[in-house]
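> Sharing a structure below in structure tokens format, with a few things to ask.
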Amino acid sequence: MSSELEVALAQVFRKKGKSSLAEKEFVFAASLDLRWFTPKEAQKFLEIGLESELLAMDGNKVKPTFDYKTADAPPGYKPTTDLLKSSAQPKGLFLKLVDVISTDKDIPKKTVISEVNDIQDRMNIETEVAVLVVARSHDVDIKEYLDEVEEGVAARYKKISRNS
């Protein structure tokens, strides 16, 4: 059974008929197309999806890490307001690592994410691996996260290959 977050995220991709969306396209779909949220709330919805690791960044595209085609919603579905209360959502590894780099080196999070995206595009690697490269380039100690990154990437590949 799918969680409400999975169902809501799936509906965005189903509405657009695509398996990956640009960040702005996702926000636009959740706010203006589906009329669920304001653009600011839709951005938070996207962030919650990323934090919960139900969404992942693939270059500059947002992709679900689950089979969005099987997450059914009843006709006229609209997510509850509780969905945007991110305190109940676990913080994803990617954002944890961005926080570590940002805090340790006093770099704005957006700058760190931009560096990660550049590395990811140039090296064609997973987002979490790219954030480790960025951390290393700033001499931030990330040894404690290596196993978690390896497990997360491996689990995602297993999940994606099962849904293919």
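> Looking only at segment 95-112, decide whether some residue is in contact with a strand residue (DSSP E or B) (Cβ under 9 Å, 6 or more places away or on another chain) and either outside the structural domain of residue 143 (by TED's automatic domain parsing) or part of a helix (DSSP H, G or I) (or both).
For segment 95-112, residues in contact with a strand residue (DSSP E or B) (Cβ under 9 Å, 6 or more places away or on another chain) and either outside the structural domain of residue 143 (by TED's automatic domain parsing) or part of a helix (DSSP H, G or I) (or both): absent.
> Kindly provide the set of residues from segment 1-42 that are more than 22 Å from residue 72 (Cβ to Cβ) and surrounded by fewer than 21 Cβ atoms within 10 Å (Cβ to Cβ), ordered by number.
Correct list: 22, 23, 24, 25, 28, 31, 32, 38, 39, 40, 41.
> Among (1) of a type outside the set (Gly, Ala, Ser); (2) assigned to a loop (DSSP other than H, G, I, E, B); (3) at pLDDT 85 or above, which single condition is residue 72 missing?
The one condition residue 72 does not meet is (3).
> Counting only residues that are part of a helix (DSSP H, G or I) and of a type in the set (Val, Ile, Thr), which one in segment 5-60 is modelled with the lowest pLDDT?
For segment 5-60, the residue satisfying everything is 48.
> Another question about this same structure. Mind telling me which of the residues 58, 33, 67, 72 ends up being over 18 Å from the mean Cα position of the chain (by Cα) and touching a residue at least 60 places away in the same chain (Cβ under 8 Å)?
72
To keep it simple, each residue is scored yes or no on (1) closer than 23 Å to residue 40 by Cβ; (2) of a type in the set (Val, Ile, Thr); (3) at pLDDT below 90; (4) touching an Asp or Glu at 6+ places or on another chain (Cβ under 9 Å).
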residue: 91; (1), (2), (3), (4): yes, no, yes, yes
residue: 104; (1), (2), (3), (4): no, no, no, yes
residue: 107; (1), (2), (3), (4): no, yes, no, yes
residue: 121; (1), (2), (3), (4): no, no, yes, no
residue: 137; (1), (2), (3), (4): no, no, no, yes
residue: 141; (1), (2), (3), (4): no, no, no, yes
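The values are calculated or read from the model by the stated rules, or taken from the named source; none is laboratory data. Note that the structure is predicted; figures quoted are calculated from it, not measured. Positions of Cβ are backbone-derived with ideal geometry, glycine not excepted, and every protein chain shown enters the neighbour counts.
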